[in-house]
Amino acid sequence: MKKFHFIIIFLLYSLNTLGQNGEVMQFILPKGTEKLNNPQLKSLIHNGFNEKTALGFHDHIYKKDGLIIYYQNLSQFPTHPERRHSLESNQKMMVALLSGNSELKGDVSVVDNSRIITVNNIRFAIIEYHNKDDRYIRVTSDYDKNGGMINGFIEYKKPDESEARQYLQDILQNMHFRNN
């Protein structure tokens, strides 16, 4: 039953984001990053990357060496200001959900590191976690003045950990909210 609740929340989240248009962040992906199409993504999944995590990010899935990068660049999320949570609250909820300490039990992961950092006057929640052989860095920005934010992941295998962390730094260094 709890898995059913997780699926419903994921579907509501996905439906909410389908109605969004425009991108709140502007940034340039590091050199050598290539956008993936569906056949390329399916090939990676057959080679051990996690299909489940990349669902809903089909327009923004990229690859660089051993890293898979996917994100949503949302201009008005959530749509109602009263539904917005602080970055600290979002971080705490995600850590609880990932580690299985939430009402919404999904696949339990090990949270290796969770922190909030500020880059270019934008606060980001960074959560590093793993589930068996799959490793992730989750990035969630604070909201801009219009309620926009970015939510993304870097998926990698253990040997690519230092490259994943450097890639994250490269992206964050050139991210800026769009002027609306």
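Numerical summary
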item: Protein-only accessible surface order, largest first, of 161, 155 at 1.4 Å; result: 161, 155
item: Residues whose placed amide H lies under 5 Å from that of residue 123, excluding near-sequence neighbours; result: 142
item: Entries in 92/132; 92/158; 63/145 that, when Cα-Cα distance is taken, lie over 27 Å; result: 63/145
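The values are calculated or read from the model by the stated rules, or taken from the named source; none is laboratory data. Since this is a predicted model, take the numbers as computed values, not measurements. These area figures cover heavy atoms from the full protein model, side chains too; ligands, DNA and RNA do not enter into them. Shrake-Rupley method; radii C 1.70, N 1.55, O 1.52, S 1.80 Å.
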